[in-house]
Every structure is written in C-alpha cells, then in structure tokens.
Amino acid sequence: MTSKTKQMLRVEKDHGEPLETLLPRLINDWGSTDAASRMGISKGLVGYWCLKLGVVKRTIALAPGQRIEVRGEARFDRLPEPDSQGLTAPV
C-alpha cells in the first residue's frame, strides 16, 4: 500500500471516501481542474496523486482494478480472453 500524506488523508476525511475511488469519480464527473478545486488542491497534485495511487487517466479515470472495453481495430495478434464481466482489454 502507498503511504498517504497528511493532505491526502485530509481530503479523504473531508469527502468520506478513499482517494482510490474519489479521484476517478470526481475526474470523470467534473474533469481534473474542477476535481482539484472541489478537493482544495492543485490540478498538478491531482495528476501526481493519480500516478502515486495507480489511478489510470485516459478519456475517463479508472480506479485500480477497474477495466474498460475499447472497441476498434485490434493491435494484437491474439485478443485477451474476456473476463467474468465480458470485458476483453485491461487498461
């Protein structure tokens, strides 16, 4: 587990939710800039925390362990087998 700073712990306490789920939710709902504003931190810190906590940002933010399916031309010789939710490509 990654050690969290006092500021990280404050944001978790203020929002009543771990950063691993809070960050993706706020980024998906509001974007990085507004998410930062709602947490009282800088946009750069949002990016750093995502990196530190393993939150993957693409078009949407994913908490560790979450997956999405990307449709389009496959760039694999063989596609991965679908998981229990029918998703085929872990991010």
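The values are calculated or read from the model by the stated rules, or taken from the named source; none is laboratory data. The shown structure was predicted, so the numbers you read here are calculated from the model rather than taken from an experiment. We place every Cβ from the backbone using ideal geometry, glycine too, and count neighbours over all the protein chains shown.
Could you check the stretch 31-53 and list, in sequence order, the residues that are touching a helix residue (DSSP H, G or I) at 6+ places or on another chain (Cβ under 9 Å), farther than 18 Å from Ser3 by Cβ and not in a loop (DSSP other than H, G, I, E, B)? Reasoning before the result, please.
Keep residues of the stretch 31-53 that are touching a helix residue (DSSP H, G or I) at 6+ places or on another chain (Cβ under 9 Å), which gives 32-47, 49-50, 52-53.
Imposing the further condition that a residue be farther than 18 Å from Ser3 by Cβ reduces the set to 32-40, 42-44, 46-47.
Scanning the stretch 31-53 gives Ser32, Thr33, Asp34, Ala35, Ala36, Ser37, Arg38, Met39, Lys43, Gly44, Val46, Gly47.
Kindly indicate whether any position in the stretch 6-17 is aliphatic (A, V, I, L, M) and at pLDDT below 95. Quick ask: steps written out before the conclusion?
Here is the first cut: in the stretch 6-17, the ones aliphatic (A, V, I, L, M) are 8-9, 11.
Now restrict to residues that are at pLDDT below 95: none.
No, the stretch 6-17 has no match at all.
How do the pairs read when you match residues in the stretch 17-42 that are more than 11 Å from Ala63 (Cα to Cα) with residues anywhere that are hydroxyl-bearing (Ser, Thr, Tyr), using Cβ under 8 Å and keeping only pairs 6 or more apart or on different chains?
Close Cβ pairs satisfying both conditions: Ala36/Ser42.
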